[in-house]
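Novice: One structure, as structure tokens, below. Some questions next.
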Ligand code: SF4
């Protein structure tokens, strides 16, 4: 596998097309069938109350705020029914860190969902798991095992931002540490729940900080025998965030493509790399398929968190399929574990 100094040289080389070709070579080796996948699912943000005040977040509301909410179960059921009606196979359910919702609330929600719907529950990022464990006085392992027994199917990689405590102290002072994120994903593997890894870049960090992130993800993937199904880098959106006052410039398309290419060549032990369209836009997402990406994520029936921070792109299934075909690949719908067995 590529060494860290090689990765830094790779990233710093000015030859964008050479970066793309190197990443494409790894992608072709891991996905010789030329398929690019996408999923039909829905983001459900069950609450926007949060106690963490992350400076890059425009979504949360402090406890007691008039715009704060906790969705009643009926609202969540309605959203799931709409997802199924649109051909969706899963929900990505995440929320703020609510100081009063104990594990029983989450167990009840998951059980009620599973009683009514045949839907994959890809839910709760690492900081939420840490919060549920704390509120309920449980270990991470027991929290995850109980949620799994109630119907949790897999865990999203959110809350990773940059896995470097120096950066985290600056952008999300109160939120869980690097160790917390790692411990949650390690415990996930132990209880038999697959998970994804993400990275939010462009918040003023250096290439060394990003490499620290890559190293943690790569090593954990080795240690768990491949529990991460995918790696999903995305760039910070500054609109409506307090961090946006300090970070004046968002990552450019070129920077996004370079990070994507680096992800593909450095994380050879992770099968899938997502070229996202939600923050970089559809055209950059399409180019990303030549920079190592083999998945374009979700048609996203609903996304409150990044749209609150100024990402306003929308895509239908047909648009995504056209975009994939236009880049020379075969579009295929996948499930939450990146399996493309659908008849399309
Ligand atoms: S990013 Fe998550 S933890 Fe941070 S303030 Fe927003 S909702 Fe809360």
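The values are calculated or read from the model by the stated rules, or taken from the named source; none is laboratory data. Model, not experiment: these values are computed from the prediction. Here the Cβ positions follow ideal geometry from the backbone for every residue, glycine too, while neighbour counts run over all protein chains shown.
Novice: Just to be sure I understand, how many residues within the range 93-103 are more than 14 Å from the ligand (Cβ to nearest atom) and under 14 Å from the mean Cα position of the chain (by Cα)? I'd like the intermediate steps shown before the answer.
Specialist: Just the residues of the range 93-103 that are more than 14 Å from the ligand (Cβ to nearest atom), to begin with: 100, 102-103.
This time we only want the ones that are under 14 Å from the mean Cα position of the chain (by Cα), so: none.
Residues in the range 93-103 being more than 14 Å from the ligand (Cβ to nearest atom) and under 14 Å from the mean Cα position of the chain (by Cα): 0 in total.
Novice: What's the total number of residues in the range 169-185 that are within 14 Å of the ligand (Cβ to nearest atom) and modelled with pLDDT of 95 or more?
Specialist: Of the residues in the range 169-185, 3 are within 14 Å of the ligand (Cβ to nearest atom) and modelled with pLDDT of 95 or more.
Novice: In addition: Restricting to the range 60-79, name every residue that is at pLDDT below 95 and more than 16 Å from the ligand (Cβ to nearest atom).
Specialist: 78, 79
Novice: Something else now. Quick check on my filter: what residues within the range 1-59 are in contact with a strand residue (DSSP E or B) (Cβ under 8 Å, 6 or more places away or on another chain) and either assigned to a helix (DSSP H, G or I) or within 16 Å of the ligand (Cβ to nearest atom) (or both)? Working first, answer last.
Specialist: Within the range 1-59, the first condition is being in contact with a strand residue (DSSP E or B) (Cβ under 8 Å, 6 or more places away or on another chain), and the residues that meet it are 27, 33-50, 56, 59.
Result: 27, 43, 44, 45, 46, 47, 48, 49, 50, 56, 59.
Novice: Does any residue of the range 110-125 turn out to be within 16 Å of the ligand (Cβ to nearest atom) and more than 19 Å from residue 54 (Cβ to Cβ)? Even if it seems obvious, please write down each step before you answer.
Specialist: Taking the range 110-125 first, the residues within 16 Å of the ligand (Cβ to nearest atom) are 123-125.
Then drop every residue that is not more than 19 Å from residue 54 (Cβ to Cβ), which leaves 123.
Checked against the condition, which is being within 16 Å of the ligand (Cβ to nearest atom) and more than 19 Å from residue 54 (Cβ to Cβ), the range 110-125 yields at least one hit.
Novice: Looking at the range 322-344, which of its residues are at pLDDT below 95, in contact with a strand residue (DSSP E or B) (Cβ under 8 Å, 6 or more places away or on another chain) and farther than 18 Å from residue 271 by Cα?
Specialist: Passing the criteria: 342, 344.
Novice: Please go through the range 134-168 and pick out each residue that is within 15 Å of the ligand (Cβ to nearest atom) and part of a helix (DSSP H, G or I).
Specialist: Once the filter is applied, which keeps residues that are within 15 Å of the ligand (Cβ to nearest atom) and part of a helix (DSSP H, G or I), the range 134-168 yields 134, 135, 167, 168.
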